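The next block holds one structure in the form of structure tokens; read it before the comments.
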């Protein structure tokens, strides 16, 4: 497959055509303005739907058949069930059964459990995947085995792509922990409860055909509903939509690693010293080891200063829920719940509000929550001397995991990367990121166990923390220390065959992932 | 193994979960030296890793056989150590192969210093050593004794030697706990020349043991011989506490090990510590009488920060200057609890001011108001002020004019 490339505004070579569609190279932050109208599915009529509201069919295979699944179509699934998901695999097993070929799989993210799809890729059932791929699927794509180009998008970018008509979903398959026969569905109840279904919302609104798959059918109406049955064509009952133990954890433990705790504590102290932590502020933290510890240290500082946060954005876990219960946070705006406490709180507490990529992250809309947050803490695989960030590949160029909300969260007033300075000798601070996922002008602070680097563009932050005893150091200094500790790394060889395109929040192509054998 | 015979040998951990370390295997044979290196970081450091392995092989004049290395992100000083250990185990002889020194490796030792916290790190786990200097402990102890299994003592010794040279200790006191007896003397021979500041001598029961160690070190390092901190871990040791503390001018501190001591007492170690009260008091009295610092044992319940705080208060109350730590998260708690209270600081500041005034006026006696203050109290006041500054509750420039 020969792909035409062009240099974008960040100096990266990117494909100008992705899987048969024209694409726009990255134009710089805020450089691209969309034109045109939102996409929409065909107009439906109640003539085609049962008046009693019962849209059930016997099996998923049957539903796909009735939905008219055909060669070359786009099939989407969501990842709220994480590594416990059974529906993604069921869907493609059924498609294979029907003899359908050359499908594009459009998951909101994939997990190691979806290695099942490798045989469907090999057999030609799936032509290519546009969505994050880690583990075996990532390795498959990195090795150049996929027929089409992978496309990596943020959560907000996925919504934008569907909304703008860049990706037209033919069949959306929505795993629902609870649903009624009309297709209303939620994620807070049922044996496979996952919290919410925000990642499936765009699919339900814009896809041609929508199939809800549940293992917990309730009599109409299913309350609350996050997916509206009025957008749903077919409903299927199955024995189980997934393994609850892999969907949400029983409890989420805060990391014991001294290094990660140190990074988290430094980050929390930075927020206090910089005046970011003050009454009525807002923050975003995820469920990763270090960011979870950050929330814990931040809570201690908030208690000591008598500060309350107006809202926090999650990835919610029991720790964020405890802060809500204690009154340290007034509202949780939640994109994903990670444990049983998060699910319970979302179900029972009106101050714990489910969101979707539309409200939180979509860039082609009338504002979003991500830019309204005072401080967001994120991870990264690499950050370079210009503060550019990488989150999708290792330093060898191998695909590691998807973007998630990472790019979207960079819009926060203060975007902080919490990273170890090196991982098993591999430096995290590098001359130039292997894959550009986030431009340096949006990354304000890098916190490592060896010190804190503040982007020189943020004079205001540097001035604010000048009097504190925090270890603020130029990023070049940190890199020099790593060069001595780890040795100066060789520059890995980069092949010239693209295997995936990395999109920015506005749908432009910010970088390319290259083949690695 | 007959003297001079070269055999197959291995060094380093193996398995999927290995991080920041490596496994080396040597197989002797007639064919020219073959190197087989598998590394997770091959694409970044492949050449550097091979160069390091070859450097050790060359130093040992190794020309034949097969060296297999499976490495997982180890830093260079660790690679050098494990390969050297492997070749020595195989019966080969060669010089020590030393890593490039860290900028602060030559930091001189200081007799008088804060020893509030000392962090133990097992000497055969390089992964834990890498960030040791970041936690602000007053001292870091690389341990060659109880945390290292007997079969790994030789490997740990070389790792610790290399760590003394290449690791960034971040301003912490460079400490090593050596083994007893003949194994300990091998430890001393390996590390004495690489600027360890202070050595911990375990299970000391007689002054003669201390004297012997000091004599060996004098021979190895002359004027640069490290300080000594004997550890009392038995009833006999406690009985000989003063003689041990006063055994040699190189002794700077005295400490005790309550786990082993309690076992020998035949009484279980309790939270209240009644069974060890005499031992702890004796350690303090003996140390002060000999003019050295008394240092308390470790607190093993890592997750119990409240318990640790109570323990520190109790030991401080007995007169101990410091506590052993087994996890970095204990360090801030120890430092906080060792920091003088504001009333203690106020009193100390008054005394130190008075002492400085008295010195300026050439007057021998120090008076605060109408009360005379004895020299030991003045000395303690200076220490309290130092502790307060270190603990962040007193500005370093508190006594500046204007």
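The values are calculated or read from the model by the stated rules, or taken from the named source; none is laboratory data. In this text, all values refer to a predicted model and were calculated from it rather than measured experimentally. Neighbour counts are summed over all protein chains in view; Cβ atoms, including those assigned to glycine, are modelled from backbone coordinates with ideal geometry.
Key figures for this structure:
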quantity: Of all residues making up the range A:13-30, the number that are within 23 Å of the chain's Cα centre (by Cα), in a loop (DSSP other than H, G, I, E, B) and in contact (Cβ under 8 Å) with a residue 12 or more places away in the chain; calculated: 7
quantity: Residue B:71 vs. criteria under 22 Å from residue B:125 (Cβ atoms), crowded, with 24+ Cβ neighbours inside 10 Å and within 12 Å of chain A (Cβ to nearest Cβ); calculated: yes
quantity: Positions within the range A:453-497 being exposed (fewer than 15 other Cβ atoms within 10 Å of the Cβ), more than 14 Å from chain B (Cβ to nearest Cβ) and closer than 16 Å to residue A:431 by Cα, in sequence order; calculated: A:474, A:476
quantity: Filter result for residue B:179 (in contact with a helix residue (DSSP H, G or I) (Cβ under 6 Å, 6 or more places away or on another chain), on the phi < 0 side of the Ramachandran plot, within 14 Å of chain A (Cβ to nearest Cβ) and buried (at least 20 other Cβ atoms within 10 Å of the Cβ)); calculated: no
quantity: Failed item in (1) away from every other protein chain (no Cβ under 14 Å); (2) in contact (Cβ under 8 Å) with a residue 60 or more places away in the chain; (3) in contact with a helix residue (DSSP H, G or I) (Cβ under 8 Å, 6 or more places away or on another chain), with residue B:335 passing the rest; calculated: (1)
quantity: Enumeration of residues in the range B:132-153 that are assigned to a loop (DSSP other than H, G, I, E, B) and without any contact (Cβ under 8 Å) to a residue 60 or more places away in the chain; calculated: B:144, B:145, B:146, B:147, B:148, B:149
quantity: Some residue of the range A:250-270 being at pLDDT 90 or above, part of a helix (DSSP H, G or I) and closer than 30 Å to residue A:193 by Cβ; calculated: yes
quantity: Elements of type helices (runs of 4 or more DSSP H) in the range B:328-402, at least 3 residues being under 30 Å from residue A:255 (Cβ atoms); calculated: B:330-338
quantity: Residue B:296 being modelled with pLDDT of 95 or more and closer than 17 Å to residue B:242 by Cβ; calculated: no
quantity: Residue among A:371, A:360 that is closer than 29 Å to residue A:79 by Cβ, more than 14 Å from chain B (Cβ to nearest Cβ) and surrounded by fewer than 23 Cβ atoms within 10 Å (Cβ to Cβ); calculated: A:371
quantity: Residues that are more than 14 Å from every other protein chain (Cβ to nearest Cβ) and part of a strand (DSSP E or B), drawn from the range A:380-421; calculated: A:383, A:384, A:389, A:390, A:399, A:414, A:415, A:416, A:417, A:418
quantity: Selected residue [more than 30 Å from residue B:224 (Cβ to Cβ), touching a strand residue (DSSP E or B) at 6+ places or on another chain (Cβ under 8 Å), surrounded by fewer than 19 Cβ atoms within 10 Å (Cβ to Cβ) and more than 10 Å from chain A (Cβ to nearest Cβ)] from B:23, B:66, B:109; calculated: B:66
quantity: Meets criteria (more than 14 Å from chain A (Cβ to nearest Cβ), free of Cβ contacts under 8 Å to residues at least 60 places away in the same chain and more than 30 Å from residue B:30 (Cβ to Cβ)) for residue B:98; calculated: no
quantity: All positions within the range A:314-329 that are under 20 Å from the mean Cα position of the chain (by Cα) and in contact (Cβ under 8 Å) with a residue 60 or more places away in the chain; calculated: A:316, A:317
quantity: Condition met for residue B:79 (within 14 Å of another protein chain (Cβ to nearest Cβ), out of contact with any strand residue (DSSP E or B) (no Cβ under 7 Å at 6 or more places or on another chain) and surrounded by 20 or more Cβ atoms within 10 Å (Cβ to Cβ)); calculated: no
quantity: Residue under evaluation residue B:43, criteria (1) on the phi > 0 side of the Ramachandran plot; (2) modelled with pLDDT under 95; (3) buried (at least 18 other Cβ atoms within 10 Å of the Cβ), criterion not met; calculated: (1)
quantity: Residue within the range A:157-172 that is in a strand (DSSP E or B) and closer than 23 Å to residue A:70 by Cα present; calculated: yes
quantity: Restricting the range B:26-55 to residues that are free of Cβ contacts under 8 Å to residues at least 24 places away in the same chain and within 14 Å of another protein chain (Cβ to nearest Cβ), the residue that is farthest from the chain's Cα centre (by Cα); calculated: B:43
quantity: Any chance residue B:18 is touching a strand residue (DSSP E or B) at 6+ places or on another chain (Cβ under 9 Å) and within 14 Å of chain A (Cβ to nearest Cβ); calculated: yes
quantity: The range A:422-452, subset within 16 Å of residue A:11 (Cβ to Cβ) and assigned to a loop (DSSP other than H, G, I, E, B), residue nearest to the other protein chains (Cβ to nearest Cβ); calculated: A:434
quantity: Unique match (being in contact with a helix residue (DSSP H, G or I) (Cβ under 7 Å, 6 or more places away or on another chain) and surrounded by fewer than 17 Cβ atoms within 10 Å (Cβ to Cβ)) among B:393, B:378, B:349, B:284; calculated: B:393
quantity: Failed criterion for residue A:63 (all others in (1) part of a helix (DSSP H, G or I); (2) surrounded by fewer than 15 Cβ atoms within 10 Å (Cβ to Cβ) hold); calculated: (2)
